[in-house]
1. If I go through segment 208-230 residue by residue, how many of them are among the hydroxyl-bearing types (Ser, Thr, Tyr) and either assigned to a loop (DSSP other than H, G, I, E, B) or within 17 Å of the chain's Cα centre (by Cα) (or both)?
2. Please go through segment 232-254 and pick out each residue that is in contact (Cβ under 8 Å) with a residue 60 or more places away in the chain and over 16 Å from the mean Cα position of the chain (by Cα).
3. Of the residues that make up segment 269-277, is at least one open to solvent by 60 Å² or more (accessible area, probe 1.4 Å) and either among the hydroxyl-bearing types (Ser, Thr, Tyr) or at pLDDT below 95 (or both)?
4. Name every residue in segment 144-165 that is part of a helix (DSSP H, G or I) and either under 27 Å from GLY228 (Cα atoms) or open to solvent by 60 Å² or more (accessible area, probe 1.4 Å) (or both), in order of residue number.
5. Of everything in segment 181-222, what is open to solvent by 50 Å² or more (accessible area, probe 1.4 Å), in contact with a Pro (Cβ under 9 Å, 6 or more places away or on another chain) and among the acidic types (Asp, Glu)? Give them in sequence order.
6. ALA108 passes all but one of (1) open to solvent by less than 20 Å² (accessible area, probe 1.4 Å); (2) in contact with an Asp or Glu (Cβ under 8 Å, 6 or more places away or on another chain); which number fails?
7. Having 3 or more residues that are open to solvent by 10 Å² or more (accessible area, probe 1.4 Å) and either of a type outside the set (Val, Ile, Thr) or free of Cβ contacts under 8 Å to residues at least 24 places away in the same chain (or both) is the bar; report the strands (runs of 3 or more DSSP E) wholly within segment 10-89 that clear it.
8. For segment 279-298, name all the residues that are open to solvent by 20 Å² or more (accessible area, probe 1.4 Å), in contact with an Asp or Glu (Cβ under 9 Å, 6 or more places away or on another chain) and either assigned to a loop (DSSP other than H, G, I, E, B) or in contact (Cβ under 8 Å) with a residue 40 or more places away in the chain (or both).
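The values are calculated or read from the model by the stated rules, or taken from the named source; none is laboratory data. Quick caveat: nothing in here was measured; it's all calculated off a predicted structure. Cβ coordinates were reconstructed from backbone atoms using ideal geometry, including for glycine residues, and neighbour counts include every protein chain displayed. Side chains are part of the model used for accessible areas, which takes the heavy atoms of the whole protein and leaves out ligands, DNA and RNA. Shrake-Rupley method; radii C 1.70, N 1.55, O 1.52, S 1.80 Å.
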Amino acid sequence: MTRQVLLLNSDKPEVLRALARRPDLRIRVITRESYAPLYASHETDFIDSFEDLAQVERAAYRITRGAPVDHVIAATEKSIVPAGLIRSLLGIPGTTFDESLWSAHKRAMKQRLRAEGLAVTDFAQVTTVDEIPAAARMTGWPVVAKPVLGSGARCTHRIESAEDFALRHAAGVFDDLAVRGLPVQVERLVDVVGEYHCDGIVRDGKVTFAAGSRYFAPLLTVEAPLRGGHLIDPGHPLAQELPALLQQVAQALRVKDGVLHLEVFETPGGPVIGEVTTRPPGSGVPRVWQHALGIDLWEEFVRAALGEGPALKAPRPPDRIHAWTHLPTTDGLLDRLTAADGVLAVLPPAENGSAHIEVQFAADDAEQAERSQARLRAIAEGAHP
C-alpha cells in the first residue's frame, strides 16, 4: 500500500535520499520555486517563504486536494511551524501547531522551557528593530537580537549597549533583521565558557541515544567558513549531563518521536539552554555521527516521522574524537586537505550542502582535535588560487 507523504523542505538532499530508499512512498513537496530542480520527479507546490503561513495553508490545500496525506515531514527549522499548522488543519497525526511553536518559535520555546524549570537566558519579544533598546532595558545589556523564526546565526546580532545599537542602526547594520518583517527576539548575552550542542534520537518520549558535541569556538565569534566542532569524550564533565538535559527538554516539549538538536551554553553558573529544534543538526554533524557512531541521523529522522522502528539498536562506540570543520573554498585546497594527518573525508560545497569545503577528521583527544583544526585552517590560509 502506498504511503502518502507531504514534505516541507528547502535544499536539504539528505531527507530526499532517505525517502528515496522507500519505494512505497508517494512524495509531494512544498518548497520555494528556486529549489524546483531538486524535486523534478515529485508533485510540487511553491511558496515564497515558509514564514508566510497563509501561503503555506493555501499550498497545502491545493496539493492535498482529492488525495489526502498520511505524514507531514518538516526537514528544515523554518518548516517546523508550517508543518504543525498543516497537521492541525488537516487532522494529520504528529506534532500539532501549538507544539511546533515550542521547537521553532524562539519566544514560545523559551517560555515553555522556563515554565518547566529549565535554565534559559532572560528574553523579550518586540515587534520591530527600533524597539530593541526597550527590550534590552528589561533583559539587561549586552544582548543578542534575532528573528523569532529562523535557523542558525542568520540575521543574528550581538549588541553591547544602547550607544552601540544607535550607531550601528544608523549605519544600516540591522537592515537584514528589519527586512524579515518578523518580531524580534532579544536575549541577554550570557557569559560563555564554551558552546555545546547535544543531539539525540527520541522514541516514545524517551531519548534512546544522545551524544554531546563542543564547538571549537562560540558561533557568534567566528565567521561561517571557519566553524566546526567535535564529539566530546565520554569522560568529559558534560558527557552525561547533556543527554540528561536533552531528556528533560524532550519531556518539556512533549516530543514523542524524532531527532532533537539542543544548543547549550556552558557558563560559570552551569549549562544554559540556547535553542532547541526537532530536526537533525546541520553542517558536518550528521556525517560525524556516521563516521564515529555508525548512525545515520537523517534515516532515523525519517523513520520516526513515518512511524517506523529505529534502524540501529546499539551505536558503535567511537574509537577516537571525531570532528568537522568548514573552510573557505579555494582552488587547489581539496588535495592539500586530503593529505593532512587524521583527515577522514574532504567534501566540496556540492557534496556538503554549504558554500564551503567541509573536512571530517579524527584525533586522539580534544586537545589534539583543537590542534588539528588550527592546522587545517593554516593549510587553508596558505593555499593560493
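1. Residues meeting the conditions: 2.
2. Hits for segment 232-254 are ILE232, ASP233, HIS236, LEU245, GLN248, GLN251, ALA252, LEU253, ARG254.
3. Taking every residue of segment 269-277 in turn, at least one turns out to be open to solvent by 60 Å² or more (accessible area, probe 1.4 Å) and either among the hydroxyl-bearing types (Ser, Thr, Tyr) or at pLDDT below 95 (or both).
4. Within segment 144-165, GLU163 is the sole residue that qualifies.
5. The answer is ASP191, and nothing else.
6. Single failed check for ALA108: (2).
7. 25-32, 43-47
8. Result: ARG279, GLY282, SER283, ARG287, ASP296.
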